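Q: Got a structure for you, questions after.
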Amino acid sequence: DWVMRDHIAEAVEAIRQQVGDEEVILGLSGGVDSSVAAALIHRAIGDQLTCVFVDHGLLRLNEGDMVMDMFVGQLHAKVIRVDASELFLGKLAGVSDPEAKRKIIGGEFVTVFKQEAAKLTSAGAKGAKWLAQGTIYPDVIESGGAKSKKAVTIKSHHNVGGLPEQLGLKLLEPLRDLFKDEVRELGVALGLPPEMVYRHPFPGPGLGVRILGEVKKEYAELLRRADAIFIEELRNFKDASSGKSWYDLTSQAFTVFLPVKSVGVMGDGRTYDYVVALRAVQTSDFMTADWAELPYALLKKVSGRIINEVRGINRVTYDVSSKPPATIEWE
Ligand code: XMP
């Protein structure tokens with residue numbers, strides 16, 4: 001694709017001009033925008049870029065390792081992985097209100113990132129001078145007027161307003177003029193795996209808002225395994241008429257952990273275990289959404305696998321609520 005190659009060449013040149021021989025820090029979340037920004041900036045300035053990946057322990061199964069494998073193993077970028085899962089779990093202990101959980105996760109995320117950034121900027125003349133963010137055009141428009149409480153939280157979490165000033169850094173935002181689909185095309189052209197670039201959106205607070213009420217390590221582990229099965233089967237099941245997978249036919253799909261126990265039978269014995277809900281929606285703007293009419297065969301496969309493979313979960317339900325009045329996430 002010549003247009004995309006020209007665009008990359010231009011963007012690379014612009015980044016080199018802007019940054020010169022100075023060092024850049026970028027907060028890598030594993031999401032599409034920060035990943036594409038990282039890949040582009042790395043293409044332009046190589047080792048002058050250091051990515052900081054704060055792993056809050058609320059990511060999906062193997063996600064942290066996959067981020068490291070992609071950026072360090074394949075792109076040979078410099079990435080500092082901060083394993084903060086115990087810290088986040090500690091701060092979340094005893095907290096069950098959804099917005100309180102969001103605040104803690106977002107706030108702690110910024111605190112940890114700042115600590116790492118401070119180490120990288122403190123090296124005097126050689127210290128980092130730039131903070132790169134994966135801000136895209138819709139974020140720029142959105143910051144004109146916040147639509148909802150959540151929108152505010154979303155921004156305060158990811159593209160953090162005021163952070164460059166607090167860190168004494170200049171701001172580098174190479175995706176500022178691009179729409180989401182352009183960001184995705186750019187990501188593929190830069191060599192990022194299409195499955196990653198075309199992934200469903202994942203909220204900043206991660207599994208923290210998909211475990212209802214108090215977040216516990218045990219719950220997160222069960223949820224991660226159940227959700228991986230759901231996503232794997234969505235990718236496996238193809239719709240006969242379009243040939244597309246049900247993953248591609250849905251806009252967002254995930255599993256929610258319900259901290260209630262229900263009775264089941266297994267072999268000769270009775271079980272008393274947790275419940276999960278599967279959620280899959282179709283939407284164009286995420287403001288309204290329909291629950292997806294997944295094939296029964298797919299639901300059957302997923303529930304059978306989760307109950308058999310994830311000891312500790314004995315019941316699987318499917319969420320048939322549309323937005324509004326329900327929201328896409330359960331919290
Ligand atoms: P709701 O649940 O409000 O979700 O219907 C709409 C979209 O927003 C995502 N979402 C979030 N994203 N931080 C994020 O980065 C959040 O706190 C948050 N809450 C909801 C949700 O996944 C869906 O795509």
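The values are calculated or read from the model by the stated rules, or taken from the named source; none is laboratory data. Predicted model only: the values in this text are computed from it and were never measured. Cβ coordinates were reconstructed from backbone atoms using ideal geometry, including for glycine residues, and neighbour counts include every protein chain displayed.
Q: If the requirement is being surrounded by fewer than 21 Cβ atoms within 10 Å (Cβ to Cβ) and either of a type outside the set (S, T, N, Q) or assigned by TED's automatic domain parsing to the domain that holds LEU192 (or both), which of these qualifies: LEU40, LEU49, LEU61, LEU26? Let's see the steps before the verdict.
A: Values: LEU40 fails: surrounded by fewer than 21 Cβ atoms within 10 Å (Cβ to Cβ); LEU49 fails: surrounded by fewer than 21 Cβ atoms within 10 Å (Cβ to Cβ); LEU26 fails: surrounded by fewer than 21 Cβ atoms within 10 Å (Cβ to Cβ).
So the residue among LEU40, LEU49, LEU61, LEU26 that is surrounded by fewer than 21 Cβ atoms within 10 Å (Cβ to Cβ) and either of a type outside the set (S, T, N, Q) or assigned by TED's automatic domain parsing to the domain that holds LEU192 (or both) is LEU61.
Q: Which condition number in (1) away from the ligand (no atom under 16 Å from the Cβ); (2) touching a Lys or Arg at 6+ places or on another chain (Cβ under 7 Å) is the one that ASP248 fails?
A: Only one criterion in (1) away from the ligand (no atom under 16 Å from the Cβ); (2) touching a Lys or Arg at 6+ places or on another chain (Cβ under 7 Å) is unmet by ASP248, namely (2).
Q: Please specify each residue of the stretch 308-331 satisfying the condition of being β-branched (Val, Ile, Thr) and either within 15 Å of the ligand (Cβ to nearest atom) or under 26 Å from GLU218 (Cα atoms) (or both).
A: VAL310, ILE313, VAL316, THR317, THR327, ILE328
Q: Answer yes or no: is there a residue in the stretch 266-289 that is of a type in the set (Asp, Glu) and within 12 Å of the ligand (Cβ to nearest atom).
A: yes
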